[in-house]
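Here the structure is laid out as structure tokens; the discussion comes afterwards.
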Amino acid sequence: MPSLLHRILGLGLVLSLLAACHTDTTPVVTQPEATAPVLPPPPLFNGDSAYAFVAKQVAFGPRVPGSAAHKACGDWMVEKLKSYGATVIEQHAEVTIYSGQKVPMRNIIASWQPEKKDRILLFTHWDSRPFADQDSVRRNDPIDGANDAGSGTGVLLEIARLLASHPPQVGVDLFFNDVEDMGEPEGALGGQQQSTVDTWCLGTQYWTKNPHVPGYKARFGILLDMVGSKDAVFPKEGYSMRYAAGIVNKVWKAAAAAGHGDRFLSETRNFVGVDDHVFVNENLNIPSIDIIAYNPVTGGFPSTWHTHADNLANIDKESLQAVGATVAQVVWTER
Ligand code: AHN
Ligand code: ZN
């Protein structure tokens, strides 16, 4: 049975066809612009669930590329993402780190509504650093990496859980990049090399030169880096402002709409030139920003950065919640 709406629309079509056949003096009546239907509110981001995803990663042990824990965690992530309805593409390659050592890389890209042209890219690294070069003890031991990069990975896995039951208006790609954090420890090569920038973000560098889909494009990208520290605050990162100020402002507005404007500071206080978003901006021209915690006391990264204190005890559920709800606000209001 055609609905009443269909009948009215059908009648309108017949009337307008009649009007069109009638060539002379019929006045043209323009309809008021149809307003876009109101979108349902974003699904509720669950910080407890995101936290559980962080705890699960940490329980595998340090996710150092080439290790058994790294392989097991990657397998678990892929299985989870598939269970949430994603189309998953993996990239396996061998990359060379600063020391000349070759390590296996595993990038994981999970896509929802892959047929859609209009897409959002959300990304984070998922490997953890094999040493604690910012610590004063056990500097050659791997760190738990609960915040770096368990936090961003946990938040995006929770976004994946929501994508399973709430398709947004646009396609979404979650890019979990590998071998981000095997960059040269300060001075390790005696300052002989031209630049240490290229020794970081090897998985993202690989992907920007070999996208998982030829000619890959997204409207914009959001990188999450160290979003789980206690009382984390996020100034507008400098390179994000240089490359994608409009996206920064969109996301910061979404944070306010989601009730977390207090953590998203309106000023720029830091420039993080060595991070995944820079390569995505420069190599793929996808305007991309970095949501990265800033330590208001030291002016740098969170105090646990590349130390053994980067463990589960120093993860703040409220920080995960603030960032996750903000990202959800962006994803489910984009049309
Ligand atoms: C440096 O470590 C030099 N830049 C930030 C990239 C990074 C490493 N983020 C987390 N770990
Ligand atoms: Zn790191």
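The values are calculated or read from the model by the stated rules, or taken from the named source; none is laboratory data. All values reported here derive from a predicted model rather than from experimental measurement. All Cβ positions, glycine included, derive from the backbone under ideal geometry; neighbour counts span all protein chains shown. For the accessible areas, the whole protein counts, side chains as well, though only heavy atoms, and no ligand, DNA or RNA atoms are used. Shrake-Rupley method; radii C 1.70, N 1.55, O 1.52, S 1.80 Å.
Values for this structure:
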read-out	value
Residue count, the stretch 115-152 (criterion: more than 12 Å from ligand 1 (Cβ to nearest atom), open to solvent by less than 10 Å² (accessible area, probe 1.4 Å) and not hydrophobic (A, V, I, L, M, F, W, C))	0
Those residues of the stretch 158-196 which are surrounded by 15 or more Cβ atoms within 10 Å (Cβ to Cβ), of a type outside the set (D, E, K, R) and within 16 Å of ligand 1 (Cβ to nearest atom), in sequence order	Phe175, Phe176, Asn177, Val179, Met182, Gly183, Pro185, Ala188, Thr196
Residues located in the stretch 78-118, provided they are among the hydrophobic types (A, V, I, L, M, F, W, C) and more than 14 Å from Ala160 (Cβ to Cβ)	Ile89, Ala93, Val95, Ile97, Val103, Met105
Lone qualifier among His277, His260 - being over 22 Å from Trp305 (Cα atoms) and touching a residue at least 12 places away in the same chain (Cβ under 8 Å)	His260
Residue within the stretch 92-113 that is part of a strand (DSSP E or B), of a type in the set (Val, Ile, Thr) and open to solvent by 10 Å² or more (accessible area, probe 1.4 Å) present	yes
Residues (part of a loop (DSSP other than H, G, I, E, B), away from ligand 2 (no atom under 15 Å from the Cβ) and touching a Phe, Trp or Tyr at 6+ places or on another chain (Cβ under 6 Å)) located in the stretch 167-190	Pro168
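Here is a yes/no grid of residues against (1) assigned to a loop (DSSP other than H, G, I, E, B); (2) open to solvent by 10 Å² or more (accessible area, probe 1.4 Å); (3) within 16 Å of ligand 2 (Cβ to nearest atom):
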residue: Gly221; (1), (2), (3): no, no, no
residue: Asp231; (1), (2), (3): yes, yes, no
residue: Lys236; (1), (2), (3): yes, yes, no
residue: Ile247; (1), (2), (3): no, yes, no
residue: Phe279; (1), (2), (3): no, yes, yes
residue: Asp290; (1), (2), (3): no, no, yes
